[in-house]
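Okay, structure first, notes after.
The values are calculated or read from the model by the stated rules, or taken from the named source; none is laboratory data. All values derive from a computational prediction rather than experimental measurement. Every residue, glycine as well, gets a Cβ built from its backbone with ideal geometry; the counts of neighbours run over all protein chains shown.
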Amino acid sequence: MDKVEHADCPVTYCMSKIGGKWKPILIYLIRKGANRFGMLEKGIEGITKQMLTKQLRELEADGILERKIYPVIPPKVEYFFTPYGETLFPVIEAMSTWGLEHMETVEKA
């Protein structure tokens, strides 16, 4: 078997973009239509405004999300998946399916 360098592992690369405590939840909620800051903040128990902002900015910097600012008062900001971010949908769906299938099993153990 060949050795795989940490930097050359495709799974590690994927997890560096969508992994962590908050990004999977953010991606899941935005995919389900919660694309405003307030909706996301209310939808994620335990996240601070600072952490939510940081995670959204990282997803935006990685090209997964785009932020649209509407010229209204008070300011309205919405987050959307970029075409690049949409390529994650099959990955997220597979993770969701796997989680649904195995959450109950782990709970019983």
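Key figures for this structure:
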| read-out | value |
| --- | --- |
| The lone exception for Val4 - which of (1) aliphatic (A, V, I, L, M); (2) out of contact with any Leu (no Cβ under 9 Å at 6 or more places or on another chain); (3) modelled with pLDDT of 90 or more it fails | (3) |
| In region 1-56, the residues that are under 11 Å from the mean Cα position of the chain (by Cα) and assigned to a loop (DSSP other than H, G, I, E, B) | Gly19, Gly20, Lys21, Trp22 |
| Selection count where residues are assigned to a loop (DSSP other than H, G, I, E, B) and either among the acidic types (Asp, Glu) or surrounded by 11 or more Cβ atoms within 10 Å (Cβ to Cβ) (or both), scope region 75-91 | 3 |
| Residues of region 32-57 that turn out to be in contact with an Asp or Glu (Cβ under 9 Å, 6 or more places away or on another chain) and under 18 Å from Ala94 (Cβ atoms), as a count | 0 |
| Residue in region 51-74 that is surrounded by 12 or more Cβ atoms within 10 Å (Cβ to Cβ), among the aromatic types (Phe, Trp, Tyr) and over 15 Å from Ile18 (Cα atoms) present | no |
| Selection count, region 57-74, where residues are of a type in the set (Asp, Glu) and assigned to a helix (DSSP H, G or I) | 2 |
| Residues of region 92-109 that turn out to be surrounded by 12 or more Cβ atoms within 10 Å (Cβ to Cβ) and under 15 Å from Ile30 (Cα atoms), as a count | 2 |
| Residues of region 1-31 that turn out to be aliphatic (A, V, I, L, M) and more than 16 Å from Ile92 (Cα to Cα), as a count | 3 |
| Which listed residue is at positive phi and without any contact (Cβ under 8 Å) to a residue 12 or more places away in the chain, from Gly38, Gly19, Gly33 | Gly33 |
| Residue ID - farthest from Tyr70 (Cα to Cα), chosen from residues in region 1-45 that are exposed (fewer than 15 other Cβ atoms within 10 Å of the Cβ) and of a type in the set (A, V, I, L, M) | Met1 |
